[in-house]
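Q: This structure is in structure tokens; I'll ask about it shortly.
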Amino acid sequence: MNDPTRNSTIEPVRFQPTPVDETRRRLPLTRGRIAAIAAVLAVAWFLWFLFTAKSVRFDIEPATAAVEVSGGFELEFAGIRLLREGAYLLRATAPGYRPLETVVDVAVPRSQTFVHVMTRLPGRLTFHSEPAGAAVFVDDTALGEAPLTADVAAGARTVTMSLPRYQDAHVEVDVEGREVEQTVHGVLRPDWADVTFPTRPAGATVRVDGTEVGVTPGPVPVPSGEHRIEVKLAGYKAWRDIVKVGAEETRVLPPIDLERADGLVSVRSSPEGAGITVNGTYRGTTPTELELTPGREHRLRVFKIGYGALTRNVRVASGRETAVRFDLPALTGEVSVTAEPADAELWIDGALSGGVNRTVTLAAMPHEIEIRKPGYAGYRKTVTPQPGLVQEVKVRLLTLEEARFARLKPRIATALGQALLLMKPSPIRLGASRREPGRRANEVLRDVDLTRFFYVAEKEVSNADFRRFAPGHSSGSFETSDLDEDEQPVANVAWDEAALFCNWLSAQDRLEPFYVEEFGKVVGFDPDALGYRLPTEAEWAWTARHVEDGAPLLRFPWGERLPPPDRHGNYADRSATHVVGRIIFGYNDNHIVSGPPGTFQANAKGLYDLGGNVAEWVHDFYEIPEPDQRLNPLGPKDGDYHVIKGSSWMHGAISELRLAFRDYGAEARPDVGFRIARFAE
């Protein structure tokens, strides 16, 4: 079949939109249409407001208050306001009330009520008291003296009116407020009793607690309560008693017969403050007045320390006063003052008297003697010179450093009973000369200034002591010899364990720990702490080698040359031949390994086993310093090892036996233990 279009070509054609009639697209916008649209919108908004608004009621007391709400559109019908959610400012006013102004938050509920009570203005109160002049208090707040007028806050109030010698009046008042005037009247009742004092004779003055209130027989007003009463009439003895009365009470006391007065003696002396006896009975000090029985003779004796006593006989008449004066003669004694240094000053009773080494004459009474000199600790003593005797005061002033040392206890003990001795150190030169036999390279000569007093233990820490801190510790044994007996020195302890023992012991004695711990490890130390610690290398050397200032330091614990005297200390002796490699030939101490601390003789400082028994950990980190340095007394700040000082039961060679010998380590050894120390101040 042939299709004539099959081979025809499709050509593009430009689009032409359909014509639109412009007159049909536009609608005329007339005033009527605008008004209709506005009306529709207004109705829609009003319906939307009615649908979304909340019904809110404001209950204000008083009900007559004028209420105004601002902050948004509202409609009010019969006391109900339609408000949308949000914050509004509420204002209310009413005569006699403070204006109310507050913010209210209208929330989601459809119906809400807000209740507010307006504050009444104060009332005008006029106060009267009977009698007038009472102090007026409203709820404990003072207003002044009645009569008076004041503004008082509305509400129930307690009015108190108070006047001396009257009982307080209390009035309960309901203050209306709103500037309403009210009157408060208080009647105060007497707070005294009328007391009659029937004295014979009459006309005596009555005093209550020292205040004159009337004349007998009265009646006399006596305030309620308990009082001291004195009735006094010239020429008669005073009558005294304690009387307790109640308010508005009327009382007549039993008859009071006044006794004729004793004679009065006024006693004065120079100097004042002298003691007085009358017929051997002590009656006080001068100046004073004494009542004495008339018609007889009385023996008065007046005395004072440092003065001669005087005696006089006195006779007095009834109701009459006699004056007596005693001028006491001064007594003196001599005091001889001898002091060193010779240029010290003598102070007596706080005043400079001159130099020392002389005799002074002083009144025979207590005097404070002081001897002073700059740079020295002063001396003070109270001396009472005796007439006819020469008293002696002999003094050697201590330097400030000597006085510091003298104030400290020379011996103290730990909670475990370990004794420590007080040391007053001096500068020391550590190390050894290159020419000294046995010297090692780490024994460099260097200087350390020791200035702080310290305590150091007499003996090394024992196994028994250490097991109080670490119950499971064992010092073990060496070859077949036991090192673990309670009385033997502790061994096989690392430096950290020794330092931790020191901190534990400080806690037992309530001392600030010297070593700083973190997670059971020692990470530093506090140089100001007074807790227990290990001796420093310089302290150890000073206590072991120092004999006296200026003298050569000891080379060996026993002196200058080998061998040591028999049984001087626990070194490697002939009994240890099969245990250690080198011994002191011919020497015997009867101990193969360590022995009980303190077995052998103490050194010049009173310390045991600084040579022999066990070598000892000291505080310092180990280093080899430069020659002739002046070092920190506490040693280097850090390091990998710590210094070990002293020879042990294993040592028999000249190098180790010397006191300058320095060993070092970090781990425990069977021949290393320790002793404790602490700063004294």
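Q: Looking only at region 502-529, how many residues end up being closer than 22 Å to Asp465 by Cβ and acidic (Asp, Glu)?
A: So the answer is 3.
Q: Tell me, yes or no, whether region 318-329 has at least one residue that is buried (at least 16 other Cβ atoms within 10 Å of the Cβ), more than 30 Å from Arg260 (Cα to Cα) and among the hydrophobic types (A, V, I, L, M, F, W, C).
A: Taking every residue of region 318-329 in turn, at least one turns out to be buried (at least 16 other Cβ atoms within 10 Å of the Cβ), more than 30 Å from Arg260 (Cα to Cα) and among the hydrophobic types (A, V, I, L, M, F, W, C).
Q: Are any residues in region 192-206 without any contact (Cβ under 8 Å) to a residue 40 or more places away in the chain, in contact with a strand residue (DSSP E or B) (Cβ under 7 Å, 6 or more places away or on another chain) and surrounded by fewer than 18 Cβ atoms within 10 Å (Cβ to Cβ), and if so, which ones?
A: Listed by number, the residues that qualify are Gly203, Thr205.
Q: Quick one: how many residues across region 165-202 are more than 30 Å from Pro147 (Cβ to Cβ) and either of a type in the set (S, T, N, Q) or modelled with pLDDT under 90 (or both)? Give the steps one after another, and end with the answer.
A: Start the filter on region 165-202 by keeping residues that are more than 30 Å from Pro147 (Cβ to Cβ), which leaves 195-202.
Pick out the ones that are also either of a type in the set (S, T, N, Q) or modelled with pLDDT under 90 (or both) and you get 196, 199.
Of the residues in region 165-202, 2 are more than 30 Å from Pro147 (Cβ to Cβ) and either of a type in the set (S, T, N, Q) or modelled with pLDDT under 90 (or both).
Residue by residue, here is whether (1) surrounded by 21 or more Cβ atoms within 10 Å (Cβ to Cβ); (2) assigned to a strand (DSSP E or B) holds:
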position	(1), (2)
Gly472	no, no
Glu487	no, no
Val493	yes, no
Ala498	yes, no
Cys502	yes, no
Pro513	yes, no
Val522	no, yes
Trp540	yes, no
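Q: Quick one: which residue in Gly531, Gly586 is assigned to a loop (DSSP other than H, G, I, E, B) and surrounded by 14 or more Cβ atoms within 10 Å (Cβ to Cβ)? First the steps, then the outcome.
A: Values: Gly586 fails: surrounded by 14 or more Cβ atoms within 10 Å (Cβ to Cβ).
Testing whether each residue is assigned to a loop (DSSP other than H, G, I, E, B) and surrounded by 14 or more Cβ atoms within 10 Å (Cβ to Cβ) leaves just Gly531.
Q: Given the conditions (1) loosely packed, with under 11 Cβ neighbours inside 10 Å; (2) at pLDDT 90 or above; (3) touching a Lys or Arg at 6+ places or on another chain (Cβ under 7 Å), and given that Glu259 satisfies all but one, which numbered condition is not satisfied?
A: Just one mismatch for Glu259, condition (2).
Q: So, one more: Answer yes or no as to whether Trp495 is aromatic (Phe, Trp, Tyr) and without any contact (Cβ under 8 Å) to a residue 60 or more places away in the chain.
A: no
Q: I'm checking my understanding of the structure. Among residues of region 82-103 that are closer than 26 Å to Arg178 by Cα and aliphatic (A, V, I, L, M), which one is surrounded by the fewest Cβ atoms within 10 Å (Cβ to Cβ)?
A: Only one residue fits best here, namely Val103.
Q: As an exercise: evaluate Val547 against (1) at pLDDT 95 or above; (2) closer than 20 Å to Glu458 by Cα and give the number of the one condition it does not meet.
A: Every condition holds for Val547 apart from (1).
Q: Can you find a residue that is touching a Leu at 6+ places or on another chain (Cβ under 8 Å), surrounded by fewer than 16 Cβ atoms within 10 Å (Cβ to Cβ) and farther than 20 Å from Asp140 by Cα anywhere in region 156-169?
A: no
Q: Shifting gears a bit: Among the candidates Arg545, Arg567, Arg574, single out the residue that is of a type in the set (Lys, Arg), in contact (Cβ under 8 Å) with a residue 24 or more places away in the chain and over 27 Å from Arg429 (Cα atoms). Before the answer, list the steps.
A: On the way: Arg545 fails: over 27 Å from Arg429 (Cα atoms); Arg574 fails: in contact (Cβ under 8 Å) with a residue 24 or more places away in the chain.
One residue alone meets the criteria, Arg567.
Q: For region 65-81, which positions are surrounded by 12 or more Cβ atoms within 10 Å (Cβ to Cβ) and modelled with pLDDT under 85?
A: Passing the criteria: Gly71, Gly72, Glu74, Leu75, Glu76.
Q: Take Asn588 and tell me if it is among the polar types (S, T, N, Q), touching a Pro at 6+ places or on another chain (Cβ under 8 Å), in the same structural domain as Arg658 (by TED's automatic domain parsing) and over 30 Å from Asp640 (Cα atoms).
A: On the way: among the polar types (S, T, N, Q): yes; touching a Pro at 6+ places or on another chain (Cβ under 8 Å): no; in the same structural domain as Arg658 (by TED's automatic domain parsing): yes; over 30 Å from Asp640 (Cα atoms): yes.
Spelling it out, it is not the case that Asn588 is among the polar types (S, T, N, Q), touching a Pro at 6+ places or on another chain (Cβ under 8 Å), in the same structural domain as Arg658 (by TED's automatic domain parsing) and over 30 Å from Asp640 (Cα atoms).
Q: I need the full set of residues from region 363-389 which are under 30 Å from Leu328 (Cα atoms) and in a loop (DSSP other than H, G, I, E, B), in order please.
A: Passing the criteria: Ala364, Met365, Pro366, Thr384, Pro385, Gln386, Pro387, Gly388, Leu389.
Q: Follow-up question, since we're still on this one. Of all residues being surrounded by 17 or more Cβ atoms within 10 Å (Cβ to Cβ) and within 57 Å of the chain's Cα centre (by Cα) in region 263-282, which is nearest to Thr196 (Cα to Cα)? Just the residue, please.
A: Among those residues, the one meeting the criterion is Leu264.
Q: Something else now. Just to be sure, is Arg561 part of a loop (DSSP other than H, G, I, E, B), modelled with pLDDT of 95 or more and over 15 Å from Ile676 (Cα atoms)?
A: no
Q: Another one. For region 136-148, which residues satisfy the criterion of being touching a Lys or Arg at 6+ places or on another chain (Cβ under 8 Å) and either over 29 Å from Arg98 (Cβ atoms) or loosely packed, with under 14 Cβ neighbours inside 10 Å (or both)?
A: Asp139 - this is the single residue of region 136-148 that is touching a Lys or Arg at 6+ places or on another chain (Cβ under 8 Å) and either over 29 Å from Arg98 (Cβ atoms) or loosely packed, with under 14 Cβ neighbours inside 10 Å (or both).
Q: What strands (runs of 3 or more DSSP E) lie completely within region 97-168 and have 1 or more residues being under 30 Å from Asp59 (Cα atoms)?
A: 100-106, 111-117, 123-130, 148-152, 155-162
Q: Further, regarding this structure: Confirm whether His651 is touching a helix residue (DSSP H, G or I) at 6+ places or on another chain (Cβ under 7 Å) and either surrounded by 18 or more Cβ atoms within 10 Å (Cβ to Cβ) or not aromatic (Phe, Trp, Tyr) (or both).
A: Judged against the criteria, His651 is a match.
Q: Going through Thr149, Thr196 one at a time, which residue ends up being in the same structural domain as Leu253 (by TED's automatic domain parsing) and either over 52 Å from the mean Cα position of the chain (by Cα) or small (Gly, Ala, Ser) (or both)?
A: Thr196
Q: Just for region 452-486: of the residues that are under 44 Å from the mean Cα position of the chain (by Cα) and charged (D, E, K, R), which one is modelled with the lowest pLDDT?
A: So, considering only residues that are under 44 Å from the mean Cα position of the chain (by Cα) and charged (D, E, K, R), the one modelled with the lowest pLDDT is Arg452.
Q: Among Asp140, Asp105, which is out of contact with any Leu (no Cβ under 6 Å at 6 or more places or on another chain), within 30 Å of Pro223 (Cβ to Cβ) and at pLDDT below 90?
A: Asp140
Q: When residues of region 535-578 are filtered for being within 48 Å of the chain's Cα centre (by Cα) and aliphatic (A, V, I, L, M), how many remain?
A: Adding up the residues that qualify gives 5.
Q: Let me ask something additional. Could you grab the pairs with beta carbons closer than 6 Å, sequence gap of 6+ or different chains, first residue in region 422-444 and charged (D, E, K, R), second one surrounded by fewer than 16 Cβ atoms within 10 Å (Cβ to Cβ) and part of a strand (DSSP E or B)?
A: Arg429/Asp447
Q: Which of (1) part of a strand (DSSP E or B); (2) over 30 Å from Leu163 (Cβ atoms); (3) out of contact with any Lys or Arg (no Cβ under 9 Å at 6 or more places or on another chain); (4) β-branched (Val, Ile, Thr) is the odd one out, the single condition Val69 does not satisfy?
A: For Val69, the exception is condition (3).
The values are calculated or read from the model by the stated rules, or taken from the named source; none is laboratory data. The shown structure was predicted, so the numbers you read here are calculated from the model rather than taken from an experiment. Note that we place each Cβ from the backbone using ideal geometry, even for glycine, and neighbour counts take in every protein chain shown.
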